Structure formats: structure tokens, C-alpha cells
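Visitor: Sharing a structure with you now.
The values are calculated or read from the model by the stated rules, or taken from the named source; none is laboratory data. Computed from a predicted model, the values in this text were never measured in an experiment. Here Cβ is always computed from backbone atoms with ideal geometry, including for glycine, and neighbour counts include all displayed protein chains. When the accessible area is computed, the model is the full protein with side chains, heavy atoms only, and any ligands, DNA or RNA have been set aside. Shrake-Rupley method; radii C 1.70, N 1.55, O 1.52, S 1.80 Å.
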Amino acid sequence: MSGIKGKVIAITGASSGIGEATALLLAKRGARVVLGARRAERLDALVSTIVSAGGEAACLAMDVKKREDLAKLVALACDRFGTIDVLINNAGIGPNSLLDDLRVEDWEEMIDINIKGPLYGIAAALPVFRRQGFGHFVNILSTAGPIIKPTMAVYAGTKNAVRAIAEGLRLEAGPTVRVTNISPGFVQTNFADSMTNPGIKAEIEKRMGEIAISPNAIGRAIAFAIEQPAEVDVSEIVIRPTAQA
């Protein structure tokens, strides 16, 4: 099935930023969206906004660090709408720091959310995709993956890990399951909120204020990949501010 209208699309990290913008855009184009994030009140408000505009949406307060929560999100899509066409692995954090700082807890949190989260999503959705004979994974990565900079070693490592996993999945998936990686540059989101180093946080927020693009731009890139005919697999899209080096 090509296009977006009528597709059931689940999104993690949907309560703000890229996830929220993508949910609004896809719902406006006729998708039935199933939204997951930790902040239940923001999810409820987003669902109300979509439904008030004539769209269809459901939500689940969840944590991508918990495998059972990803299973519940996929189950909610299937129970509410009868199927799931797309899973967008969007949830992610980036508490960047120099390796010398030894912020091991931050490293572990990035591994749990940025790597295990998408893996748990694959574990939840892939059996469903196999049974129904179609499906599409969309993974939100980062330009910090291919272009590694100081303070971003672990964050870039998590994104490159998912890039490798996604490519392996694409090769194994065969002709019925599509896999797309979206790598944004600086985007106007609350990405810096997860940063525990005040200096790096201030630097990132300053750079965002100077050049960051709207999360709607990422939503449009995601929509482009989803709306292609089933035999067309958009493997990777890199989208960044024109001013970004």
C-alpha cells in the first residue's frame, strides 16, 4: 500500500520535538497514529489535538528501555486499528561529554534508549510484519553518526550501532519489510535537555538557536519515505540546516 492515508503508524518519543511534529503531519495526511512516550499528559494533549482536527490517534505512556512497553505499543496499534504499517523508532537522548569526564551513567542511558529501544521495537514489530506480509521501520539517527566530533563519541556510537543494525535488518528483511534511516542535523527540539554537562548544553542550545531547522522538516522527510510504493525502499535520508558544517 502506497501513500499515507489509512496507514497505522506507531511513533516512540512522540510527546515533543520530531515525534510530535511527525505525528501531527502524518495524522493530517490521514494516517492513524499510535503515540508512545513517557509523559502521559503531553501524549493525551496531542491525541486530543489530532482527534479535534478530525484525525485518528491513540497513545500509551511508555519507556523504550522496557521491552514489554514496546510490545504494548505494537499491541495497542493492532488492537485499536487492526494492524501496524510503520514503526518509527524516534526516542533518543544525547547527554554528550568528553570521555575523560567518565559520565558512565550517561553512557549507559544512551545505550539503553538509543540502541536497546530500537532493538526492542524491532523485536515487537517484526513478527507482526512477517505475519501480515508488510511493514516499515523508520529509525531516527543523526548526522553525529557519520561525522563524529569531540564530546559525541558515545552518542555517535549509539547512532552508528543502529545504522549497522538497520542495514542488517534491511538485508534480512526481503521484499516485504522496508527499512529507512533518517539522519537529522540541528533541529529545534528539547534535545539538549538530556545533557548533564552545563557547558556543552549551553553550547548546543546556542548553536540550535543560530541555525536549527523546524522539526516539521524531519516530519516531511519521514512522510516522503513512508508514502513511497511498497516496492520502493528509501534507505537513508540526511537532512540538516543549509548552514550546518
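Visitor: Under a Cβ-only charge scheme (Lys and Arg +1, Asp and Glu -1), can you give me the dipole magnitude of the chain about the Cα centre, in debye to the nearest 20?
Guide: 560 debye
Visitor: Could you rank SER15, SER48 by how accessible they are, 1.4 Å probe, largest area first?
Guide: I get SER48, SER15, largest accessible area first.
Visitor: I'd like to check one number: the per residue accessible area of the stretch 181-245, probe 1.4 Å, reported in Å² as a whole number.
Guide: It amounts to 49 Å² per residue over the stretch 181-245.
Visitor: For a quick check of understanding: with a 1.4 angstrom probe and all protein chains in place, what accessible area in square angstrom does VAL51 have, to the nearest ten?
Guide: VAL51 exposes around 80 Å² with every protein chain in place.
Visitor: Moving on to the next point. What percentage of the solvent-accessible surface of the chain, computed with a 1.4 Å probe over protein heavy atoms, is contributed by carbon and sulfur atoms?
Guide: Taking all protein chains in place, the chain shows 54 percent carbon and sulfur surface.
Visitor: While we're on this one: Might you report the magnitude of the Cβ-based charge dipole of the stretch 132-200 about its Cα centre, with Lys and Arg at +1 and Asp and Glu at -1, to the nearest 20 debye?
Guide: 100 debye
Visitor: For LEU99 and LYS206 in the same chain, what is the full-extension length gain: residue separation times 0.36 nm, less their Cα-Cα distance, in nm?
Guide: Value of the extension gain: 36.3 nm.
Visitor: Run the 1.4 Å probe and let me know the accessible area of ILE148, rounded to the nearest 10 Å².
Guide: The value for ILE148 is about 110 Å².
Visitor: While we're here: Under 4 °C and 1.567 mPa s, how fast does the chain diffuse according to Stokes-Einstein, given a Kirkwood radius computed over C-alpha pairs? Answer in µm²/s, whole number.
Guide: 72 µm²/s
Visitor: Taking H as built 1.01 Å from N, whose amide H comes closer than 5 Å to the amide H of ILE239, not counting residues under 5 places away?
Guide: Amide H neighbours of ILE239, under 5 Å, 5+ apart: SER183, GLY185.
Visitor: OK, next. According to a simple spin-label model (label point 7 Å from Cα along Cα-to-Cβ), what is the distance in nm between SER52 and ARG67?
Guide: For the pair ARG67/SER52, the computed spacing is 4.0 nm.
Visitor: Now a separate question. Can you work out the accessible area per residue across the stretch 64-157, with the rest of the protein chains kept in place, probe 1.4 Å, in square angstrom?
Guide: Dividing the accessible area of the stretch 64-157 by its residue count gives 43 Å².
Visitor: Work out which helices of the chain, taken as complete DSSP H runs, extend at least 24 Å along their axis over the Cα atoms and score a mean Kyte-Doolittle of 0.0 or more, then list them.
Guide: Once both thresholds are applied, what remains is 153-173.
Visitor: Sequence-distant or interchain residues sharing an amide H contact under 5 Å with MET195, placed H: which?
Guide: none
Visitor: May I ask you to rank THR242, THR189 by accessible area, largest first, using a 1.4 Å probe over the protein chains only?
Guide: Listed by decreasing accessible area, they come as THR242, THR189.
Visitor: Taking each pair of distinct Cα atoms in the stretch 57-122 once, what is the resulting Kirkwood hydrodynamic radius in Å?
Guide: 13.2 Å
Visitor: Something else about it: Search the structure for amide H atoms under 5 Å from the amide H of ARG32, placed 1.01 Å from N in the peptide plane, and list their residues when 5 or more places away or on another chain.
Guide: For ARG32, whose amide H was placed from the backbone, the distant partners under 5 Å are GLY6, LYS7, VAL8, ILE9.
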